[in-house]
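Engineer: Quick one: the structure is below, questions incoming.
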Amino acid sequence: QVQLVESGGGLVQAGGSLRLSCAASGSIFSINAMGWYRQAPGKQRELVAVISSGDNRNYSDSMKGRFTISRDNAKNTVALQMNSLKPEDTAVYYCNARVRRSMHSGISDYWGQGTQVTVSS
């Protein structure tokens, strides 16, 4: 199996910063893309940012310039630095990894348990 463990959520005032981290472990041959998604109460889960194994990064428009995604391929970790946080950034943030578990297997999606980020006004 593959496990994704997130850390770094919490409560912060508007304008503040938080850094989320996620570590993947288990039966991993390679990891394709890694990313962060979020889900606010009553809303659908949405993409925050994604980074490929080749370091190509894509951000949701509302996060560009405020959030930075980074990755350590050797450690199978991904991080999200969030600056200039706004109350509308309040959500549960989920780590995602697209994992190949062996040389001959397909790619499957794995998710972390989620970490709460709350931004007060």
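Engineer: If you roll a 1.4 angstrom probe over the protein chains with everything in place, what fraction of the accessible area of the chain belongs to carbon and sulfur, to the nearest %?
Structural biologist: The value for the chain is 46 percent carbon and sulfur by accessible area.
Engineer: Same structure, new question: Which value, in Å², gives the accessible area per residue of the chain when a 1.4 Å probe is used on the protein heavy atoms?
Structural biologist: In whole numbers, the chain has 52 Å² accessible per residue.
Engineer: Now, a different point. With a/c under 1.5 counting as rounded, go ahead and sort segment 48-121 into rounded, prolate or oblate using the C-alpha gyration tensor (a ≥ b ≥ c being the square roots of the eigenvalues; past the cut-off, prolate if a/b is larger than b/c, else oblate).
Structural biologist: Prolate, since a/c reaches 1.5 and a/b exceeds b/c.
Engineer: When only DSSP loop residues count, what chymotrypsin sites (Phe, Trp or Tyr not before Pro) in segment 12-82 have their Cβ near at most 10 other Cβ atoms within 10 Å?
Structural biologist: none
Engineer: Something else: Rolling a 1.4 angstrom probe over the protein chains, ignoring ligands and nucleic acids, what is the accessible area of ARG19 in square angstrom, nearest 10?
Structural biologist: 120
Engineer: Defining a contact as two alpha carbons under 8 Å apart and six or more residues distant in sequence, what relative contact order in percent does the chain show?
Structural biologist: Contact order relative to length: 36 percent.
Engineer: Can you list the aspartates and glutamates whose alpha carbon sits under 20 Å from that of LYS75, skipping same-chain ones fewer than 8 residues off?
Structural biologist: Result set, ordered by chain and number: GLU6, ASP55, ASP109.
Engineer: Among the lysines, which have Cα under 29 Å from the Cα of LYS86 when same-chain residues fewer than 8 positions away are ignored?
Structural biologist: Of all the lysines, those that pass the test against LYS86 - Cα under 29 Å, at least 8 places apart if same chain - are LYS43, LYS64.
The values are calculated or read from the model by the stated rules, or taken from the named source; none is laboratory data. Keep in mind that what you see is a predicted model, and the values were worked out from it rather than measured. Counting neighbours? That spans all protein chains shown, and the Cβs are built from the backbone with ideal geometry, glycine included. Note: accessible area is taken over every heavy atom of the protein model, side chains too, but ligands, DNA and RNA are not part of it. Shrake-Rupley method; radii C 1.70, N 1.55, O 1.52, S 1.80 Å.
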